[in-house]
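This report concerns only the one structure given below.
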Amino acid sequence: MQTITLTQPDDWHLHLRDGVNMASVVAATARCFARAIIMPNLKPPITTVNQAIAYKKQIVNIDNNFKPLMTLYLTDNTSVDEIVKLKDFPDIVAVKYYPAGATTNSDSGVTDLAKVWQVLEAMQKYDIPLLIHGEVTAATTDVFDREKLFIESVLDPLIENFPELRIVLEHITTQEAVEYVTSRNNKLAATITAHHLLMNRNDLFTGGIRPHHYCLPVLKRETHRQALLKAATSGNPKFFLGTDSAPHAISSKETSCGCAGIYSAPAAIELYAEAFEQVQALDKLEAFASFYGADFYHLTRNTEKITLKKHTWKMPSHFEFGTQKVVPIRAEQEIYWQLAK
Ligand code: DOR
Ligand code: ZN
């Protein structure tokens, strides 16, 4: 049987939700990943150090072996003082910038970067990474062009003004993002999800509308998927793993106006292996999954190992999610790799 052994990976972009919902999903990530960057888009969002510390406690109460790396949610009202505090809280590793209205629970996001200019100056000074949901939000902008336009109109000027700020462009989906990230210095990196490596926008409409394939940024055409695969398997340390696993209750997905988010944690590393295998690049998986993210965040690399075996199994139709249920990626379909116990 074919097996691959990797240094234990980390997930550099994860949604865990909170309360009983979170209790249902932590194990799916902790079964494989040592650490994860925890997104702060709760209701209400995690905007302060105190909230982030309380949220972290909730997570470690569920699994003490798993290490959550916390983030603050940037708003128009974030204070410089809150940023200065971060130097005393090493478990809060970054600040997340959602353009207001860009995605799930982003209503409190930034309406105008001018409002957070001093906060960005402080982040640059204290070397705190800015994690970006890179999409413009104007309703008139075509949904498939939002990332590309964000890079031109927001990210590029931002980098010109803050050349020393470390930035992660999260869950990139386009060839333009790959090219832009590649062209800049090592202050700019990007995460790539398994679902954007494996699916294109046709997967939103195979045989009918597929709400469980709807995420933001939305799946793009095949040429972009190919560009992402090339970047992820290139051995360029600017590209690393971030699942963006984002569980929603079935009732919030299978409805007339469904939420964005794909729950991939139950098969995340297995699906990355599948994507890398598609382009005969399994030898590049370990660095992408286990080295480059830690290096970018100036954290030590993990030392434990995991093993994946080539073994076909069937993803369940759903998992418990608090008092409700969540449908995972590939529900009732085959997954070709499996984490060895
Ligand atoms: O698909 C997504 N789901 N994209 C995001 O940016 C947010 C996430 C969520 O929180 O559900
Ligand atoms: Zn996300």
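Quick notes on this one:
- Estimated Rh, the chain: Kirkwood, alpha-carbon pairs, angstrom: 20.0
- Rounded to 10°, Cα long-axis angle of helix 268-278 versus longest principal axis of the chain: 70
- Normalised convex hull volume, region 1-58, alpha-carbon set, Å³ per residue: 97
- Between T141 and R31, the contour length at 0.36 nm per residue exceeds the alpha carbon distance by 35.6 nm.
- Relative to the Cα centre, the charge distribution of region 8-304, modelled as +1 at Lys and Arg Cβ and -1 at Asp and Glu Cβ, gives a dipole magnitude of about 340 debye.
- In this Cβ point-charge picture (+1 for Lys and Arg, -1 for Asp and Glu), region 232-317 has a dipole of about 100 debye about its Cα centre.
- Full extension of the chain between K341 and T206 yields a length gain of 45.2 nm, computed as 0.36 nm times the residue separation minus the alpha carbon distance.
- D_trans [Stokes-Einstein, Kirkwood Rh over alpha-carbon pairs] for region 40-169, 25 °C, 0.890 mPa s, µm² s⁻¹: 161
- Remark: relative contact order (region 104-245) = 23 percent; criterion is Cα-Cα distance under 8 angstrom and separation of 6 or more residues.
- Note on region 29-84: Kirkwood hydrodynamic radius from all Cα pairs is 12.1 Å, rounded to one decimal.
- Cα centroid separation, region 17-65 to region 113-172 (Å): 25
- The mean sequence separation of alpha-carbon pairs under 8 Å and at least six residues apart, normalised by the residue count of the chain, gives a relative contact order of 19 percent.
- Distance violations [Cα-Cα > 24 Å] among K67/K96; K284/K325; K57/K305; K253/K310; K87/K115; K56/K87: K284/K325; K57/K305; K253/K310
- Length gained on full extension, I62 to Y126, computed as 0.36 nm times the residue gap minus the Cα-Cα distance: 19.9 nm.
- Comparing A100, L149, P217 along the charge dipole axis of the chain, the residue lying farthest to the positive side is P217, per the Cβ-charge model.
- Computed from point charges on the beta carbon alone (+1 for Lys and Arg, -1 for Asp and Glu), the dipole magnitude for region 53-193 about its Cα centre is near 560 Debye.
- Distance between region 188-218 and region 311-341 - C-alpha centres, whole angstrom: 17
- Projecting the Cα positions of L299, I62, F239 onto the charge dipole of region 8-304 (unit charges on Cβ atoms of Lys, Arg, Asp and Glu, taken about the Cα centre) puts I62 furthest along the positive direction.
All of the numbers you see were taken from the coordinates with simple rules; none came from a lab. These figures come from a predicted structure and were not determined experimentally. A quick note on method: Cβ atoms are made from the backbone with ideal geometry, for glycine too, and the neighbour counts reach across all protein chains shown.
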